[in-house]
Amino acid sequence: MGLMDRIRGEFIDIIEWTDDSRDTIVWRFPRYGNEIKMGARLVVRESQVAVFVNEGRLADVYQPGTYTLSTQNMPVLSTLKGWKHGFESPFKAEVYFVTTRQFTDFKWGTQNPVILRDAEFGMVRVRAFGTFAAQVVDAAALLRELVGTDPQFRTEEVGEHLRQLIVSKLGSALGAAGVPLLDLAARQDGIGQQLAKALTLELSATGIAIPRFYIENISVPPEVEAAIDTRSRMAITGNLDDYAKLQAADAIPIAAANPGTGGDAVGLGVGMALGQRIVQSTSGAAAAAVPAPQAPAQPAPAPAPSDVPPPLPTAPRWFIAVGGQQQGPYDEGALAGQVAAGHLTRTTLVWRSGQAAWQPADQVPELTSLLADVPPPLPPQG
């Protein structure tokens, strides 16, 4: 410091601080040689406290108001008495101003996901971010634990420490809350209040409190979001049959957007399935709409036997073995086509309901007429 600072140092001080930085937590009054004089006037404004350090020890904490300080340093005389110390007074006094308002511009977020155990989804990785406010509640503890002799202590010097502490507490807070994953959004305020209390307790030794803690968002990986969306759609549809209809309806634009054999086949299959479901639903609805006929008072007379034709005979259904694979069922007309195609020969194994086992076709009497024009196998060649 220069000559003017030395001269000003011989006058009684008016010690005050008006903060225009918005990010300064602690500020030390700049006094030449830290020699605050006897009778100095201390002005402490609202949202401030002043910590008076006299001769290396924390002497007192002053709340908002105006005070007169008493120290070992007297104006002019204190400098004259300090000649054997190089004209520096051995009696040092300092004043630190500490801001007690809330600093609300702190942001936090999880760089790595936090793993939770959920009853519905099992092990889930979540990320979260938000904001919080910090406030000094014990200025003396703050100076002893964090500030030391720093002449200007800013929020950036403590912000990273607070963010790391939050991330370390977030997982345990979410786990202790016992809230299902689907209900986290509705319980964010309550979880934030629990975290604020836990962080304030953890920081009590440093004189800092967390009065407000906000969780703005809790997100999950994309695959979990897709599972939640699928479950929501199933809940909206109501049952699996309706969900199958929804899936079929979703497949139609996909098939239309992919023309060609595969797309046409998908579109045709989806259209047929959807049409069948519509017909079934319509038929069921129409049947439900028709009132059931009332039973007659007297039983109707049975129709004469001559008026009722006998039931039509049921055509047998045949299965054939081609290349070691079962094919069918075929009626007799379809079997004639298999004979013409050369798939059904005299030695082909066949079976129908009522047979105990597969038999060659030429041993089944019902197929004799179909195989009349089929030659027998060639004899062995010498």
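The values are calculated or read from the model by the stated rules, or taken from the named source; none is laboratory data. Note that the coordinates shown come from a computational prediction; the quantities given were computed from them, not determined experimentally. Protein only, heavy atoms only, side chains kept; ligands, DNA and RNA dropped before computing areas. Shrake-Rupley method; radii C 1.70, N 1.55, O 1.52, S 1.80 Å.
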Estimated vicinal HN-Hα couplings, Hz - the range 144-152 in sequence order (Karplus 6.51, -1.76, 1.60; Gly, Pro = x): 6, 8, 10, 7, x, 10, 4, x, 8
message: Based on alpha-carbon centroids, what's the gap between the range 151-184 and the range 214-233 in Å, whole number please?
response: 22
- request: Over the range 166-234, average the accessible area per residue using a 1.4 Å probe and give it in Å², no decimals.
  value: 54
Prolate/oblate/rounded label for the range 320-380 (Cα gyration tensor, a/c 1.5): rounded
- prompt: Which ³J(HN,Hα) values in Hz, rounded to whole numbers, follow from the phi angles of the range 181-192 under the Karplus curve 6.51 cos²θ - 1.76 cosθ + 1.60, where θ = phi - 60° and Gly and Pro get x?
  reply: 4, 6, 9, 4, 4, 6, 10, 4, 5, x, 5, x
- prompt: Using a 1.4 angstrom probe with every protein chain in place, what is the largest-first accessible-area order of K169, K107, K37, K197?
  reply: K197, K107, K169, K37
- prompt: Long-range amide H contacts for L58: which residues qualify at under 5 Å (H placed 1.01 Å from N, peptide plane, sequence gap of 5 or more or a different chain)?
  reply: none
task: Could you work out how far the C-alpha centroid of the range 99-150 sits from that of the range 313-375, in angstrom?
output: 81
- request: With N denoting the number of residues in the range 97-200, provide Rg(C-alpha) divided by 2.2 N^0.38 Å, to two decimal places.
  value: 1.27
message: On a 1.4 Å probe surface of the protein chains, which of I115, I215 comes out largest in accessible area, and what is the full order?
response: I115, I215
- prompt: So what are the ³J(HN,Hα) numbers for the range 195-204, from phi and the Karplus equation (6.51, -1.76, 1.60; θ = phi - 60°), rounded to whole Hz, Gly and Pro as x?
  reply: 5, 4, 5, 5, 5, 4, 5, 5, 9, 4
- line: Once amide hydrogens are built 1.01 Å from N within the peptide plane, the residues lying 5 or more places from K37 or on another chain with amide H under 5 Å from its amide H are D13
- prompt: Roughly how much of W351 is accessible, in Å² to the nearest 10, using a 1.4 Å probe?
  reply: 70
